[in-house]
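Asker: The structure's right below; bear with me while I get my questions together.
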Amino acid sequence: MTGENVAQQRVEQIHEAFSSVPYARLLGIEIGAIEHGAATLHMKMRDELLQNRGVLHGGATASLIDTASAFAILTLLDEGESTTTVDLTVHYLRPVTEGRITARARVLRAGRRMITVSVEVTNDSEALIATALTAYLRLT
C-alpha cells in the first residue's frame with residue numbers, strides 16, 4: 001500500500017492541512033516525507049518535551065505517532081472524508097534524551113470503516129525507540 005507517489009496537488013493539500021494543526025506546531029513536529037499510505041514526521045528534542053528525569057515524555061512520543069498515523073491515512077482519504085483515532089498502543093523501547101526522533105507510519109489495512117496503521121519511531125542513530133499500532137474509524 002505504500003511506496004506510490006502522491007499527486008503534487010494532494011501533497012500540497014496535506015502540507016496545508018498540517019500547517020493548520022496548532023498542537024503539531026506546539027510540539028515542533030515537521031513533515032519529512034509523504035507517500036501513498038505512508039508519512040514520515042520528525043520532532044526535535046526540547047526541554048519543554050522532557051519529563052522530570054530529563055527523558056522525552058511518553059506523551060510527546062505518542063502525539064508524534066498519532067500525528068504521523070493521521071497524515072499517512074490522509075493520503076488515502078477522499079475529499080471531505082475524515083477519521084478519528086479509536087486505539088493507540090505504544091511500546092516504548094528505549095529512552096531519548098537528545099536529538100531528533102522520526103516516526104514512520106504506514107497503513108497496513110484501509111477497510112470501509114476501520115484503518116490500521118503501524119508506526120516505528122527511531123532516534124538520530126536509527127535505533128528503534130518505540131513501536132505502535134493504531135486504529136482509526138472512518139467518519140462520514
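The values are calculated or read from the model by the stated rules, or taken from the named source; none is laboratory data. In this text the structure is predicted, and so the values were computed from the model without any measurement. Ideal geometry is used to build each Cβ from the backbone, glycine not excepted, and the neighbour counts take in all protein chains shown.
Asker: Can you tell me which of THR122, THR75, THR84 is in contact with a strand residue (DSSP E or B) (Cβ under 9 Å, 6 or more places away or on another chain), on the phi < 0 side of the Ramachandran plot and modelled with pLDDT under 95?
Answerer: Unique residue meeting the criteria: THR75.
Asker: Among the candidates THR97, THR85, single out the residue that is touching a helix residue (DSSP H, G or I) at 6+ places or on another chain (Cβ under 7 Å) and surrounded by fewer than 18 Cβ atoms within 10 Å (Cβ to Cβ).
Answerer: THR85
Asker: Considering (1) more than 17 Å from GLY32 (Cβ to Cβ); (2) out of contact with any Asp or Glu (no Cβ under 9 Å at 6 or more places or on another chain); (3) without any contact (Cβ under 8 Å) to a residue 60 or more places away in the chain, say which one ALA110 fails and leave the rest.
Answerer: Evaluating ALA110 over (1) more than 17 Å from GLY32 (Cβ to Cβ); (2) out of contact with any Asp or Glu (no Cβ under 9 Å at 6 or more places or on another chain); (3) without any contact (Cβ under 8 Å) to a residue 60 or more places away in the chain leaves (3) as the failure.
Asker: Further question on the same structure: With respect to the numbered conditions (1) assigned to a loop (DSSP other than H, G, I, E, B); (2) surrounded by 16 or more Cβ atoms within 10 Å (Cβ to Cβ), which one is the sole condition not fulfilled by GLU126?
Answerer: (2)
Each row is one residue, and each column tells you yes or no for (1) of a type outside the set (A, V, I, L, M, F, W, C); (2) modelled with pLDDT of 95 or more.
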| residue | (1), (2) |
| --- | --- |
| GLY3 | yes, no |
| ALA7 | no, no |
| ALA17 | no, no |
| PRO22 | yes, no |
| HIS36 | yes, no |
| THR40 | yes, yes |
| GLN51 | yes, no |
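Asker: Let me ask you something else. Within the stretch 38-50, can one find any residue that is surrounded by 13 or more Cβ atoms within 10 Å (Cβ to Cβ) and within 15 Å of TYR136 (Cα to Cα)? Don't jump to the end; show me each part of the working.
Answerer: Just the residues of the stretch 38-50 that are surrounded by 13 or more Cβ atoms within 10 Å (Cβ to Cβ), to begin with: 38-45, 49-50.
Pick out the ones that are also within 15 Å of TYR136 (Cα to Cα) and you get 38.
The answer is yes, given that some residue of the stretch 38-50 is surrounded by 13 or more Cβ atoms within 10 Å (Cβ to Cβ) and within 15 Å of TYR136 (Cα to Cα).
Asker: Does GLN9 satisfy the condition of being in contact with a His (Cβ under 7 Å, 6 or more places away or on another chain) and exposed (fewer than 13 other Cβ atoms within 10 Å of the Cβ)?
Answerer: When the stated conditions are applied, GLN9 does not pass them.
Asker: Here's a follow-up. Kindly check whether there is at least one residue in the stretch 54-77 that is of a type outside the set (Gly, Ala, Ser) and loosely packed, with under 12 Cβ neighbours inside 10 Å.
Answerer: no
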